[in-house]
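Undergrad: If you scroll down you'll find the structure; I have some questions about it.
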Amino acid sequence: MKIRPMFVVVCMMTVAMILSACAPAAAPAPAAQPTEAAPAPSGEQVLRLATTTSTEDSGLLDNILPEFEKLCNCRVDVVAVGTGQAIEIGTKGDADVLLVHARKSEDKFVADGFAKERFDTMYNDFILLGPKDDPAKAASVASAKDAFQAIMDTQSTFASRGDKSGTNSKELSIWSSLGITPTADMPWYKALGQGMGETLTFANEQGVYTLADRGTYLAMKDKLPNLAVVVGGNTLAENKDKSLLNPYGVMAVNPDKHPGVKYDLATQFIQWLNSVETQQKIQDYGKDKFGQSLFYPASAEWQAANPN
């Protein structure tokens, strides 16, 4: 096959554009760091990513981040906490980019000027888990709201993350729809102040109910023999309660608020994360092991390329 000279020139120009996009930007004004990071090799930048425990506990980040680190000659330092805490970290300027899942809090983050824009990036769903004998008979109803009502009526033990995470916020919104604000005075309600993995482990060991994101549950399912899906079905498509949809957004911290953040690198990360190629990797993650995706692509780029 003959290679045309013009084709070679175009390829060389494309490679040059990708390399220049990931070249280190001019050094910003120094910012106070919450902890001392390990020194980076010469020429390597460090991107601080504040995200939820679900993206880490599911194994998604370990699967996709090495490609970005290699492409942009950088290291991504991940802080995996509840969404509420991740947003607090971003508010203080102690992160460059956020990947979280609590839409009202995300919109407020943008409205308050801590990010210029929020981007859809992926989604999965929440599911209600409980002991296999289902003492509240919560599996007999179709919605999480009705299941929560049954749990409260029977005073069956419920384990809450209690950590201001996106999952905790969703759980509290369901209680609120019933006119309930759970407190420590309710002996059946256990607010743990723990991440998703720890909460699932507790629920499994104690044989109690809890709300979880499906991705983390599937990743840990082999370690949770005492839990069953009570509301949500075996796949996202089977989930009859559409209010349990769980969208994730990504935001670069605004340099106008915190001049020390690596805004250019954060923007490159968002573009990479929402590219069709990376979105495909997100959709493929988990299929070989679990027979279904743990997360589903939702970026504008993906939607444009896959209109159906």
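The values are calculated or read from the model by the stated rules, or taken from the named source; none is laboratory data. Worth saying up front: this structure is predicted, and the values here are computed from it rather than measured. Quick reminder, even Gly has a Cβ in these numbers, built from the backbone with ideal geometry, and neighbours come from all protein chains shown. Remember, those area values only see protein heavy atoms, side chains included, never the ligands or the DNA or RNA. Shrake-Rupley method; radii C 1.70, N 1.55, O 1.52, S 1.80 Å.
Undergrad: Can you check what the net charge comes to around N306, using other residues whose Cβ is under 15 Å from the Cβ of N306 (Lys, Arg +1; Asp, Glu -1)?
TA: Residues near N306 contribute -3 overall.
Undergrad: With an 8 Å cut-off on Cα pairs and a minimum separation of 6 or more residues, tell me the relative contact order of the chain in percent.
TA: 25 percent
Undergrad: With a probe of 1.4 Å, find how much accessible area the chain has per residue, and write the answer as a whole number in Å².
TA: Accessible area per residue, the chain: 50 Å².
Undergrad: OK, next. Please report, in whole Å, how far the alpha carbons of the range 100-237 spread along each principal axis, starting with the longest.
TA: Dimensions of the range 100-237 along the principal axes of its Cα atoms: 48, 34, 26 Å.
Undergrad: Ignoring everything except DSSP H segments at least 4 long, calculate the 222 nm mean residue ellipticity for the chain; use -39,500 (n - 2.57) per segment, divide by total residues, nearest 500.
TA: Dividing the helical sum by the residues of the chain leaves -11500 deg cm²/dmol.
Undergrad: State the percentage of accessible surface on the chain attributable to carbon and sulfur atoms; use a 1.4 Å probe and exclude ligands, DNA and RNA.
TA: Answer for the chain is 55 percent, counting heavy atoms of protein chains only.
Undergrad: Can I ask one more? Compute, for the chain, the length of the dipole vector about the Cα centre, with Cβ point charges of +1 (Lys, Arg) and -1 (Asp, Glu) only. Units Debye, rounded to 20.
TA: 500 debye
Undergrad: Let me ask another. Any chance you could count the Lys pairs in the range 72-220 whose alpha carbons are under 26 Å apart, treating pairs 8 or more apart or on different chains as valid?
TA: Number of lysine pairs found: 27.
Undergrad: Could I ask something else about it? If you filter the range 207-308 for trypsin sites (Lys or Arg not before Pro), then keep DSSP loop positions with at most 16 other Cβ within 10 Å, what is left?
TA: K240, K257
Undergrad: Mind jotting down the distance between the C-alpha centroids of the range 66-138 and the range 184-209, whole Å?
TA: Centre-to-centre distance over Cα atoms comes out at 21 Å.
Undergrad: If exposed means no more than 15 neighbouring beta carbons inside 10 Å and the site is in a DSSP loop, what's the longest run of the chain without any exposed GluC sites (Glu not before Pro)?
TA: 118-308
Undergrad: Go ahead and run the numbers for FRET between S173 and E69, Cβ-Cβ distance against an R0 of 25 Å, rounding to 0.05.
TA: 0.10
Undergrad: Within the range 223-239, whose backbone N sits under 16 Å from a point 7 Å along Cα→Cβ of A142?
TA: It comes to 231-234, 237-239, nothing else.
Undergrad: Further, regarding this structure: Between the DSSP loop rule and a limit of at most 13 other Cβ atoms within 10 Å, which trypsin sites (Lys or Arg not before Pro) in the range 62-146 are left?
TA: Answer in residue order: K132.
Undergrad: Can I ask one more? First select every other residue whose beta carbon is under 15 angstrom from the beta carbon of K262; then total the charges, Lys and Arg +1, Asp and Glu -1.
TA: In short, -3.
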